[in-house]
């Protein structure tokens with residue numbers, strides 16, 4: 001008798017369920033509706049793929065992105081599962097053939113774009129299948145796309161609310177990796193999942209190390225980070241603007257890193273070619289706007305770096321969550337400065353959104369700034385945002401190198417007074433010059449060398465003042481007139497100026513000559529023999545993937561190769577117990593793998 005566990009073992013090659021997977025699968029396979037919140041890399045796909053194989057008929061998987069569909073279908077076929085996809089990339093004759101195959105019951109899972117699903121033609125096919133008992137379930141992936149407050153809102157997702165009315169007997173499972181309480185409520189309401197069980201897995205990704213650095217020369221800092229810790233690794237670098245994407249990709253390429261740009265303004269063919277290279281080749285760094293990433297199923301992304309501040313903790317969490325989907329060590333690195341705070345606040349103020357939306361956006365930004373400026377464990381702060389309690393993680397920069405704090409009340413009062421006395425008409429650079437008592441033509445022109453605040457901050461370095469102003473902006477003590485870039489006081493600054501409130505600040509640490517960081521590459525601690533076998537396995541996987549026309553990770557994940565190197569199985573039976581090698585892959589690749597392992 002086929003069971004969920006036997007499918008997990010034999011088809012997908014994994015020894016045991018993780019977290020709440022078994023509970024979710026049992027509920028959906030039994031005909032129940034579900035909303036699943038589970039972090040990227042937590043095994044969401046199995047929560048609908050296994051019920052699809054347990055129930056009669058075909059499971060319809062609604063997915064918003066072409067790349068995700070193609071990769072997941074390729075991975076299922078490699079595992080011996082009957083799967084196909086329907087989207088705009090298919091010629092009409094191929095799409096018609098797949099529709100006929102669906103009518104015949106040729107597929108266990110059929111991935112469909114939401115706009116195609118809701119066409120009259122496809123709805124007719126679904127109704128015919130439902131009448132014959134051939135619809136196993138509906139899986140709605142990336143369900144946060146239905147939320148109008150979300151960062152990936154897709155209007156076509158709202159049409160999916162029609163499914164329970166037209167197919168009341170077919171269970172539905174909606175899945176997402178990122179949803180705060182407001183977004184969860186919207187998903188339930190807009191998809192009519194009021195009767196569904198809600199499963200919330202831990203949002204923790206313990207394999208990801210979080211690091212946020214003070215921005216100085218961001219590109220140089222990024223290059224240092226990559227060379228020291230991720231030389232030759234695949235990763236994603238996020239930038240806010242298309243121009244910055246192009247310039248950063250060119251900078252990294254000149255430094256010898258295989259970096260490619262990706263943004264919505266590129267010619268579609270070049271954008272698709274770069275995405276294909278990232279997915280199918282080893283060690284490619286994609287420099288991109290947030291147009292890139294949702295649905296990218298590449299498990300061996302070893303780092304995600306931000307050169308600009310995201311808009312919210314949800315955005316940051318989802319973007320950094322694209323690192324380390326295979327459970328192996330990965331990094332989330334970000335360079336952050338005062339200009340980032342100013343830029344994001346300006347974008348909110350100048351947006352065409354209504355006042356309520358602006359208030360929500362500002363609150364989300366403030367939560368992210370709190371994460372950036374915290375002196376406590378970053379992971380504790382991150383998880384608390386999603387309503388999850390935790391203790392210090394020992395795997396973020398504030399745990400590994402705890403920042404010092406100091407009573408910055410006096411310095412902040414000096415800075416606020418100086419902003420006020422200069423007429424709230426100048427940016428941070430000029431105000432800092434006044435505080436430090438710097439002489440010059442501009443200072444004399446405005447007679448700021450005669451102010452009582454001139455030189456009162458000379459005992460603090462310019463770098464420290466920049467950090468103080470960044471933290472003041474993050475704490476909401478200063479705002480920016482976006483038309484002229486001038487700083488001005490906020491209501492929150494009054495109790496500080498009146499001496500009614502103290503301000504604790506992070507100390508700007510002078511960087512000592514630190515030892516070279518240990519590489520975070522997963523093969524960094526291999527001996528010579530292990531490294532040789534690792535490279536042989538990667539080369540074999542690369543050739544096999546090219547032959548099959550799929551990305552390398554569809555053949556075998558890095559985590560599986562790592563286990564092969566460590567365990568050195570010598571027989572088919574031993575190979576069967578390697579995680580990620582199911583019955584179909586054992587039959588397809590067992591002989592070749594054993595030959596490589598025996599020679600090694």
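Please count how many residues of region 194-215 are within 30 Å of residue 373 (Cα to Cα) and without any contact (Cβ under 8 Å) to a residue 60 or more places away in the chain. Reasoning before the result, please.
Going through region 194-215, the residues within 30 Å of residue 373 (Cα to Cα) turn out to be 200-215.
Of the ones still in play, those that are also without any contact (Cβ under 8 Å) to a residue 60 or more places away in the chain are none.
Residues meeting the conditions: 0.
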**Complete:** Apart from one, (1) closer than 23 Å to residue 154 by Cβ; (2) in contact with a strand residue (DSSP E or B) (Cβ under 9 Å, 6 or more places away or on another chain); (3) surrounded by fewer than 21 Cβ atoms within 10 Å (Cβ to Cβ) all hold for residue 62; the odd one out is (3)
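Only one of 191, 223 is crowded, with 16+ Cβ neighbours inside 10 Å and free of Cβ contacts under 8 Å to residues at least 40 places away in the same chain; which? I'd like the intermediate steps shown before the answer.
Details: 191 fails: free of Cβ contacts under 8 Å to residues at least 40 places away in the same chain.
Being crowded, with 16+ Cβ neighbours inside 10 Å and free of Cβ contacts under 8 Å to residues at least 40 places away in the same chain holds for just one of 191, 223, which is 223.
For (1) under 29 Å from the mean Cα position of the chain (by Cα); (2) modelled with pLDDT under 95; (3) within 21 Å of residue 10 (Cα to Cα), each residue gets a yes or a no:
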site: 50; (1), (2), (3): yes, no, yes
site: 54; (1), (2), (3): no, no, yes
site: 68; (1), (2), (3): yes, yes, no
site: 96; (1), (2), (3): no, yes, no
site: 105; (1), (2), (3): no, yes, no
site: 109; (1), (2), (3): yes, no, yes
site: 114; (1), (2), (3): yes, yes, no
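Against the condition touching a residue at least 12 places away in the same chain (Cβ under 8 Å), under 19 Å from the mean Cα position of the chain (by Cα) and in a loop (DSSP other than H, G, I, E, B), how does residue 282 come out, does it pass? If you could, list the steps in order and put the result at the bottom.
On the way: touching a residue at least 12 places away in the same chain (Cβ under 8 Å): yes; under 19 Å from the mean Cα position of the chain (by Cα): no; in a loop (DSSP other than H, G, I, E, B): yes.
Judged against the criteria, residue 282 is not a match.
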**Item:** Matching entry among 563, 535, 574 (being assigned to a helix (DSSP H, G or I), touching a helix residue (DSSP H, G or I) at 6+ places or on another chain (Cβ under 8 Å) and either free of Cβ contacts under 8 Å to residues at least 40 places away in the same chain or not assigned by TED's automatic domain parsing to the domain that holds residue 282 (or both))
**Value:** 574
**Members of region 506-521 that are at pLDDT 75 or above and in contact with a helix residue (DSSP H, G or I) (Cβ under 7 Å, 6 or more places away or on another chain)** = 506
**From 41, 101, 32, residue being under 26 Å from residue 555 (Cα atoms) and in a loop (DSSP other than H, G, I, E, B)** = 41
**Prompt:** Does any residue of region 214-223 turn out to be touching a helix residue (DSSP H, G or I) at 6+ places or on another chain (Cβ under 9 Å) and under 30 Å from residue 133 (Cα atoms)?
**Reply:** no
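Among the residues of region 103-120, which ones are touching a residue at least 12 places away in the same chain (Cβ under 8 Å) and either under 23 Å from residue 161 (Cα atoms) or not assigned by TED's automatic domain parsing to the domain that holds residue 139 (or both)?
Initial filter on region 103-120 (touching a residue at least 12 places away in the same chain (Cβ under 8 Å)): 103, 105-118.
Listed by number, the residues that qualify are 109, 110, 111, 112, 113, 114, 115, 116, 117, 118.
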**Request:** Select from region 165-184 the residues that are surrounded by fewer than 20 Cβ atoms within 10 Å (Cβ to Cβ) and more than 21 Å from residue 20 (Cβ to Cβ) and list them in ascending order.
**Result:** 165, 166, 167, 168, 169, 182
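Got a sec? Which of 74, 59 is under 12 Å from residue 112 (Cβ atoms) and not assigned by TED's automatic domain parsing to the domain that holds residue 541?
Values: 74 fails: under 12 Å from residue 112 (Cβ atoms).
None of the others qualify; the one that does is 59.
Between 491, 449, 481, 459, which is in contact with a helix residue (DSSP H, G or I) (Cβ under 6 Å, 6 or more places away or on another chain) and not assigned by TED's automatic domain parsing to the domain that holds residue 216?
449
Take region 277-290 and flag every residue that is in contact with a helix residue (DSSP H, G or I) (Cβ under 9 Å, 6 or more places away or on another chain) and within 24 Å of residue 316 (Cα to Cα).
Restricting attention to region 277-290, the residues satisfying the condition of being in contact with a helix residue (DSSP H, G or I) (Cβ under 9 Å, 6 or more places away or on another chain) are 279-282, 284-290.
279, 284, 285, 286, 287, 288, 289, 290 - these are the residues of region 277-290 that are in contact with a helix residue (DSSP H, G or I) (Cβ under 9 Å, 6 or more places away or on another chain) and within 24 Å of residue 316 (Cα to Cα).
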**Asked** Among the residues of region 321-367, which ones are closer than 30 Å to residue 297 by Cα and in contact with a strand residue (DSSP E or B) (Cβ under 6 Å, 6 or more places away or on another chain)?
**Response** 322, 323, 324, 330, 331, 332, 333, 334, 335, 336
**Request:** Name, by its number, the condition in (1) touching a helix residue (DSSP H, G or I) at 6+ places or on another chain (Cβ under 6 Å); (2) assigned to a loop (DSSP other than H, G, I, E, B) that does not hold for residue 2.
**Result:** (1)
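Do we find a residue being closer than 21 Å to residue 334 by Cα and not assigned by TED's automatic domain parsing to the domain that holds residue 336 anywhere in region 178-186?
Looking only at region 178-186, we keep the residues that are closer than 21 Å to residue 334 by Cα, and these are 178.
After this cut, where a residue has to be not assigned by TED's automatic domain parsing to the domain that holds residue 336 as well, the list is 178.
Yes, that holds for at least one residue.
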**Asked** What residue, among those in region 121-143 that are out of contact with any strand residue (DSSP E or B) (no Cβ under 9 Å at 6 or more places or on another chain) and closer than 25 Å to residue 67 by Cα, is surrounded by the fewest Cβ atoms within 10 Å (Cβ to Cβ)?
**Response** 121
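Which residue out of 373, 388, 355, 350 is over 15 Å from residue 312 (Cβ atoms) and in contact with a helix residue (DSSP H, G or I) (Cβ under 7 Å, 6 or more places away or on another chain)?
Values: 388 fails: in contact with a helix residue (DSSP H, G or I) (Cβ under 7 Å, 6 or more places away or on another chain); 355 fails: in contact with a helix residue (DSSP H, G or I) (Cβ under 7 Å, 6 or more places away or on another chain); 350 fails: in contact with a helix residue (DSSP H, G or I) (Cβ under 7 Å, 6 or more places away or on another chain).
Among 373, 388, 355, 350, only 373 is over 15 Å from residue 312 (Cβ atoms) and in contact with a helix residue (DSSP H, G or I) (Cβ under 7 Å, 6 or more places away or on another chain).
Which residue out of 454, 469 is outside the structural domain of residue 375 (by TED's automatic domain parsing), buried (at least 20 other Cβ atoms within 10 Å of the Cβ) and either within 38 Å of the chain's Cα centre (by Cα) or in contact (Cβ under 8 Å) with a residue 40 or more places away in the chain (or both)? Step through it out loud before you land on a result.
Working: 454 fails: either within 38 Å of the chain's Cα centre (by Cα) or in contact (Cβ under 8 Å) with a residue 40 or more places away in the chain (or both).
After applying the criteria, what remains is 469.
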**Asked** Restricting the search to region 285-303, which residues are at pLDDT 90 or above and either surrounded by fewer than 22 Cβ atoms within 10 Å (Cβ to Cβ) or under 20 Å from residue 180 (Cβ atoms) (or both)?
**Response** 289
**Complete:** Condition set free of Cβ contacts under 8 Å to residues at least 24 places away in the same chain and more than 26 Å from the chain's Cα centre (by Cα), scope region 4-24, selection surrounded by the fewest Cβ atoms within 10 Å (Cβ to Cβ): answer is 6
**Prompt:** Can you spot a residue in region 320-336 that is in the same structural domain as residue 229 (by TED's automatic domain parsing) and more than 17 Å from the chain's Cα centre (by Cα)?
**Reply:** yes
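Kindly evaluate residue 346 against the criterion of being assigned to a helix (DSSP H, G or I) and without any contact (Cβ under 8 Å) to a residue 12 or more places away in the chain.
Numbers: assigned to a helix (DSSP H, G or I): yes; without any contact (Cβ under 8 Å) to a residue 12 or more places away in the chain: no.
Spelling it out, it is not the case that residue 346 is assigned to a helix (DSSP H, G or I) and without any contact (Cβ under 8 Å) to a residue 12 or more places away in the chain.
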**Item:** Every residue from region 457-466 that is part of a loop (DSSP other than H, G, I, E, B) and surrounded by fewer than 20 Cβ atoms within 10 Å (Cβ to Cβ)
**Value:** 458, 459, 460, 461
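Do any helices (runs of 4 or more DSSP H) entirely within region 145-263 hold 1 or more residues that are closer than 29 Å to residue 364 by Cα, and if so, which?
181-190, 218-229, 242-254
The values are calculated or read from the model by the stated rules, or taken from the named source; none is laboratory data. Since the structure is predicted, the reported quantities are computational estimates derived from the model, not experimental observations. Glycine also receives a Cβ, built like all others from the backbone with ideal geometry; neighbour counts cover every protein chain displayed.
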